[in-house]
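First up is the structure itself, then whatever we jot down about it.
Just so it is clear, none of the values below were taken in a lab; they were calculated from the coordinates. No experiment lies behind these values; they were computed from the predicted model shown. Methodologically, a virtual Cβ is constructed for each residue, glycine included, from the backbone with ideal geometry; neighbour enumeration extends over all protein chains shown.
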Amino acid sequence: KNQVEQSPQSLIILEGKNCTLQCNYTVSPFSNLRWYKQDTGRGPVSLTIMTFSENTKSNGRYTATLDADTKQSSLHITASQLSDSASYICVVRPNRGGTSYGKLTFGQGTILTVHP
Amino acid sequence: DAGVTQSPTHLIKTRGQHVTLRCSPISGHKSVSWYQQVLGQGPQFIFQYYEKEERGRGNFPDRFSARQFPNYSSELNVNALLLGDSALYLCASSQGQNTGELFFGEGSRLTVL
């Protein structure tokens, strides 16, 4: 069972609108949670990284929130642009002393399409 | 500064052939990780190399192998290709084995016919 579940699977919005993507995880304990943006056929690019003690982290029009109690994270995109069309992937890293990057758990991604 | 570079960007192979994918990490990064991403799914971990030694291996068959060179570049080899090996192969580098931001390359798109 995938320990990182994202919703919705896909989302279509109009340019200029806001949207929120969800990430629920069961990985515990965890060290940090990352959100990546992946354009079609390209490599993922980091948007935010939060430790378990952080509640929110912003990067321009992207704001990630984290509730470690409910094991939920969200990525809020403000004033969407056509270039925001991409897959957004939530990644959780367990906290098991010296955990390698091989233990990162990736969600399946949310495909966002922004229409003019 | 150059980011993580991968080659080739696209390639087409037939079943039974083998393939070699190459990755150059960001200058100063000593760790390279390989991931397989099938269309519509998140990346799946294949290998991690740090200081030229294998430090982690995912749930992939022995047909998959990798190595890291003294300059920290890396190769991923896949033998006896199957149709199911068609995927985007991503390389990621970081400064340490477990520390530092993880930076991904653009990937190598492998199609097996």
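Quick look at the values:
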item: For the stretch B:4-97, alpha-carbon Rg over 2.2 N^0.38 Å; result: 1.03
item: Whole-Å semi-axes of the stretch A:13-116's equivalent ellipsoid (Cα gyration tensor); result: 25, 15, 10
item: Assigned charges on the beta-carbon of Lys, Arg, Asp, Glu; chain A dipole about Cα centre (debye); result: 320 debye
item: Top positive-direction residue, dipole computed over chain B with Cβ charges, set B:Gly56, B:Gln17, B:Val78; result: B:Gln17
item: Vicinal HN-Hα couplings computed from phi for the stretch B:40-47 (Karplus, 6.51 cos²θ - 1.76 cosθ + 1.60; Hz; Gly/Pro x); result: x, 10, x, x, 10, 5, 10, 8
item: Per-residue average of Cβ from other chains inside 10 Å of A:104-110; result: 4
item: Cys with no candidate disulfide partner in chain A (beta-carbon separation under 4.7 Å rule); result: A:Cys19
item: nm² value of the averaged projected area, convex hull over the Cα atoms of the protein assembly as shown; result: 12.6 nm²
item: Potential lengthening between B:Ile12 and B:Arg67 on full extension [0.36 nm per residue; Cα-Cα distance subtracted]; result: 17.6 nm
item: Residues of type lysines that A:Lys37 reaches as a straight line, Cα spacing below 27 Å, ignoring anything fewer than 8 places off in the same chain; result: A:Lys1, A:Lys17, A:Lys57, A:Lys71, A:Lys103, B:Lys30
item: ³J(HN,Hα), Karplus 6.51/-1.76/1.60, whole Hz, each residue of the stretch A:10-16, x for Gly, Pro; result: 8, 8, 10, 9, 8, 3, x
item: Projected label distance in nm at B:Val38 and A:Thr56, using a 7 Å step from Cα toward the beta-carbon; result: 3.9 nm
item: A:Leu14-A:Asp69 pseudo-label distance in nm [points 7 Å out on the Cα-to-Cβ vector]; result: 3.8 nm
item: Inter-chain shielding of B:103-110 (mean C-beta neighbours from other protein chains, 10 Å cut-off); result: 3
item: Computed FRET value (nearest 0.05) for B:Thr111 with A:Asp39, which takes r as the C-beta separation and R₀ as 25 Å; result: 0.85
item: Sites B:Glu101 and A:Thr78 - FRET efficiency at Förster radius 22 Å, r taken between beta-carbons, to 0.05; result: 0.40
item: Centre separation in Å (Cα based) which lies between the stretch B:8-39 and the stretch B:45-70; result: 12 Å
item: Candidates per GluC sites (Glu not before Pro) in the stretch B:17-96, loop by DSSP, up to 15 other Cβ within 10 Å; result: B:Glu51
item: Magnitude of the charge dipole, the protein assembly as shown, Cβ model with Lys/Arg +1 and Asp/Glu -1, debye to 20; result: 360 debye
item: Furthest towards positive pole of dipole, A:Thr40, A:Pro29, A:Leu14, structure part chain A, Cβ charges; result: A:Pro29
item: Charged-residue dipole, Cβ positions (Lys, Arg, Asp, Glu), chain B about Cα centre, Debye nearest 20; result: 300 debye
item: For chain B: relative contact order, % (alpha-carbon pairs under 8 angstrom, 6 or more apart); result: 37 percent
item: Number of partner chain Cβ atoms within 10 Å, mean per residue of B:90-96; result: 2
